[in-house]
1. Using only Cα atoms and rounding to the nearest 10 degrees, what angle (0 to 90) does helix 243-253 make with the longest principal axis of the chain?
2. Return the long-range amide H neighbours of GLY187 (sequence gap of 5 or more, or a different chain), with a cut-off of under 5 Å between placed amide H atoms.
3. State in Å² the accessible area per residue of region 1-153; use a 1.4 Å probe, count heavy atoms of protein chains only, and round to the nearest integer.
4. If we sort 128-135, 250-257 on the protection proxy, mean other Cβ atoms within 10 Å, highest first, what's the order?
5. Could you work out how far helix 281-293 tilts from the main Cα principal axis of the chain, as a 0 to 90 degree angle to the nearest 10?
6. Can you send over the carbon and sulfur percentage of the accessible area for the chain, probe radius 1.4 Å, protein chains only?
7. State to the nearest 20 debye the size of the charge dipole of the chain about its Cα centre, where the only charges are +1 on K and R beta carbons and -1 on D and E beta carbons.
8. Any chance you could give the angle, 0 to 90 degrees and rounded to 10, that helix 23-35 forms with the longest Cα principal axis of the chain?
Amino acid sequence: MHALQLSPRASWSALAPVLGASPTALAQRWAQLRGAGLAWVAGYPMRELLSGETLVAVVEVNCAPGTLTSVATRLEQIPEVVTIEHTAHGRDLLVTVNARTFGGLSALLLDQLSRIPGVASTRSHLGARTHFEGGRWRLDALDQAQRDAIGAQLRAQRRDAPAKGQLPSDLTTPVLAPMVRELCRDGRSSAAELATRVGRPASMVRRQLATLLRSDALALRCEVAQLYTRWPVCVTWWCRLPGSAVRPTVARLRKDPRVRMCVSLTGPANFLVQAWITDIAELVAAQNRLERLLPAGEITDSSVTLRTRKRMGWLLHPDGRCTGEVVPTWPPAS
């Protein structure tokens, strides 16, 4: 799983010498992990997320008594709702949503989410900038030599990749959108598998796929069932931070392997940090570390995730394993 976090589409033959196992054994291990819902490879549009072309909002949702399950069920079927978390303090649900335009985001927040039966109130925090997100988070199973070997393979692949083909500027085109949706469902799909699903010749899809992957417009992430890792607790902090302190704070947070997401928000609490930690006992220590990184700011609120119901479009079992059902998050609402 760590190797696939570094190189999600790496072939088993390429990983075999690094991991000390045969390609057949690796393929069988992955099939077992994937079949058990312990790991999966998802795709999502990275360039538009980090550039701000995709608008992001973090929404606190409170539900009327007895409606939490029905509200969450309705929310999980909305494609633009990419992540749903049940939380322990201050709100019933913490929901992350995406949209392509401000009008689309407004309609989603005002006309769709707030009108779901059972939703008592919502509070929305608009994302001003996504500094980094969960795709950078890594397990710690590989040693430095193994990580370097996989990095060298990736650099060689980029160097040897054909330069033909115009890099895609819009993933919502009729040509790319079906392929992107399929890669959101399974980021390790082969060109032949994609060709069958989108109804195009394999040779054409192979060229389009190579161009798409070379562009870095689409990110591929090897996800893991959090409760089966050594970091089963997810905590979110809302912070207040002067604008001049954002850049150095982000640079320091990038060095913390526990931190998965960092987003600048609108409003008084203008900086959100999310991390995976080992247990509740570590929560105080983790918060103290964050406070030391915020000499010019402060933590205004914190929330522990009790259960993640949906992550980047994938529906999850209560224990964090994926169900195998994906609600495509792409393209987001316009």
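The values are calculated or read from the model by the stated rules, or taken from the named source; none is laboratory data. All of these numbers come straight from a predicted model, not from anything done at the bench. A quick note on method: Cβ atoms are made from the backbone with ideal geometry, for glycine too, and the neighbour counts reach across all protein chains shown. To get the accessible areas, we keep the full protein, side chains included, count just its heavy atoms, and leave off ligands, DNA and RNA. Shrake-Rupley method; radii C 1.70, N 1.55, O 1.52, S 1.80 Å.
1. Taking Cα atoms only, the helix is inclined about 50 degrees.
2. Placed amide hydrogens put VAL41, ALA42, GLY43 under 5 Å from GLY187.
3. 43
4. Ranked from most to least packed, the peptides come out as 128-135, 250-257.
5. For 281-293 against the chain, the angle is about 90 degrees.
6. The computed percentage sits at 55.
7. So the dipole magnitude of the chain works out to roughly 840 debye.
8. 30
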